[in-house]
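Notes follow once the structure below has been shown.
What follows is calculated from the coordinates using simple rules that are stated; it is not laboratory data. Predicted model only: the values in this text are computed from it and were never measured. Cβ placement follows ideal geometry from the backbone for every residue including glycine, while neighbour counts extend to all protein chains displayed.
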Amino acid sequence: MNARIISILLIIASLAGSMVMVPAVAASAGRHKITQTERAEDSDPPEVSLGIAMGAFRGLFVNMLWMRANDMKEQGLFHEAIELAGTITKLQPRFPRVWVFHAWNLAYNISVETQTPEERYQWVLSGVRLLRDEGIPANPNDLMLHKELAWILLHKIGGYTDDANRFYKREWAAEWTVVVGVPPRVDPEARDRDSVIEQYAQWLTPIADAPPTLDALLEKKPSMQNLLTLLDQRVDEKPDHNLLRRWTRHKLLAASPSKALAEREFGEKSIAFQDLFEDPGYADEWAELIPFVRRRVLISEYHMDPAKMVRYTRKFGPLDWRHEGSHALYWAAQGVERTLTRFDENTRKNYDFVNTDRMVMQAIQSLYRSGDLYFNYLTYLNGGQGYFQGMPNPYFVESYGDLYEEIVERGGIYEDPSRPRTNYRTGYENFLSDAIAFFYRRGEMAKAESWYERLLTWENQNVDHAELGNPEDFGTLEEFVERTLYDRFTSPQIAGAQVMGALQGSYQALINGDTDLFRGQFDFARKAHAYFMNNQLNDVVASDGAGARMEWMDRDFEFVAGGVFGGTIDNLPFDEASLAYTYAPDSLKRYAYDMLAERFAEALSSENVEQGETFADRFPEPPAMDQFRAKIAEKERQRRAADVDAINQK
């Protein structure tokens, strides 16, 4: 009898305890997004309702769906597999492998079935968005999802294996020109690495520091309400992504020589917006509103933390967020950070840990090789593809070494010390070799010597230098560069970095008035370009039909050289730009003239210059500019057609 009473009392106590604990557990599950779907929507497939109705047997049902989706994928039924995977993510949002399966089908399998670059990019972007906007928020601490997102960004968008990769890169750059704007023009007096990084961090800081809500913004700046009301009434714009698109266009047009022509095509809303944009009475309001909207869009639409973007900039280097490598780095680094608490001796060899660290390292390599972007957003808006060129960003050379040492220190890279040669060490040695040749061709001999010394004395060197040979045989800096330069030209990114480094070195020689050095560096760039196009590129195309996707550089050397000249001179201060322009041949001046006009024409117009030289005096228009502009437009049309042809041939 006593035992029965005790049992009853225990049951009552357990029920009472559960009544107290259940609300807290449910609230915690909701906060941490570990709940499952318990209600089917009207648009959901019948499997969702069935899975919910099965209650405790839901897991078995999901396993059956998972096996069926895999079978569909193997049979080439990608659309059907995606629909089924979507059902599984609704029933089991905490099942990371289904998110990866779903995203991979979207970005890789279905995308290649489409016929135009626009269609293909939308499928690739759907894969990115699925992981970034749904999968990771539902599984914020899952390392595999972060790794897979970084891989799609680096390989599918940032790589060259997809025939439409050039289109992807332009579209990504256009989208992020709107979201965060154009990176700062680096102060010519502060171009050391730390100063440049800080300038990029300060570019993003107003976004990170913006008020978190509209009410907080109005409390900080009560006069903002008037601007918001006028935007709503006259332009039908709210503080959202569309406002950023309109503002970006008007901001870039303000410095463009084509501004007057564009204004003739303005509609009623564009005219109204232009009036508000140019009204000096709203200058302070605009300075507060745009960072606020950028912050809101980044958090709500892209699930990215502006403060973390600033922190990663200071840690890794001057990140241009128009470059897909910056985003790959963000997501891979975030994945590593979120899972470090689970990192120990038992997990240090884990596949996902190793490969997510590798994604961060590959992202930095990508930013070094093409992270200095020139992209003409206005041309893109006007129906063209927009001139796009990624040039090497040498500030990331140091970032790679710092990251390697950090990962080794925490044990993130497991390499058997007994092995004479390991992949990570080999990767770093090859990276240093590329960087040394880049600085050498760019004419920055002190940096080339410094990194060469690093390569020779690095304590973690491989015993077996399969790619580079033995250190005692490296020879002088010049001998090492000449001997190893073409060894790794099978990679378009590496070949492109060396060609562009030589071009940048030749243009620096123009600034110094050294025309002999200019011709020497320029001729080397031409020969290296021809070597890649005539040897490695043709070999790869002949072997697997790779076609245009391997063209990290355009086949036309004049187009490459002119584009790099334009991008280089556009970042120079006035006096240096004037010197480079003066000594350059007309074939290069044509690529720079319109860019320089955007920067200096208004300030140096006859109305603004009472004495001294006008823009036309310092930067005379080269002959045949109209024919040149038509040629570039036709070039862009042909490149667009080539992208479409390459896709249709699949």
Which GluC sites (Glu not before Pro) in region 116-201 sit in a loop by DSSP (not H, G, I, E or B) and have at most 10 other Cβ atoms within 10 Å of their own Cβ? Glu189
Among Met359, Met391, Met445, rank each residue by its count of other Cβ atoms within 10 Å, from fewest to most, as a rough exposure measure. Met445, Met391, Met359
Pairs beyond 21 Å (Cα-Cα), from Lys447/Lys527; Lys589/Lys635; Lys238/Lys269; Lys221/Lys269; Lys169/Lys635: Lys447/Lys527; Lys221/Lys269
Could you work out the local net charge near Leu373, counting Lys and Arg as +1, Asp and Glu as -1, over the other residues with Cβ closer than 11 Å to its Cβ? 0
Listed peptides 99-106, 287-294 by packing density, highest first (mean Cβ within 10 Å): 99-106, 287-294
What FRET efficiency would be calculated for the residue pair Asp279, Val182, taking the C-beta separation as r and a Förster radius of 30 Å, to the nearest 0.05? 0.85
Computed ³J(HN,Hα) along region 506-519: with the Karplus parameters 6.51/-1.76/1.60, θ = phi - 60°, integer Hz and x for glycine or proline, the list is 5, 6, 5, 4, 4, 4, 7, x, 8, 6, 5, 5, 4, 5
Exactly which trypsin sites (Lys or Arg not before Pro) in region 161-221 are in a DSSP loop and have at most 15 other Cβ atoms within 10 Å? Arg185, Arg191
Compute the separation of the alpha-carbon centres of region 257-304 and region 79-123 and state it in Å as a whole number. 35 Å
Summing +1 for each Lys or Arg and -1 for each Asp or Glu, what net charge is found among the other residues whose Cβ lies under 10 Å from the Cβ of Tyr404? -4
So for region 184-319, averaging the separation of alpha carbon pairs under 8 Å that are six or more residues apart and normalising by length, what relative contact order in percent results? 42 percent
Among Lys589, Lys90, what is the fewest-to-most ranking by other Cβ atoms within 10 Å? Lys90, Lys589
If we count other beta carbons within 10 Å of each Cβ, what is the order of Val481, Val564, fewest first? Val481, Val564
In terms of modelled amide H atoms, which long-range or inter-chain residues lie less than 5 Å from the amide H of Asp372? Met391, Asn393
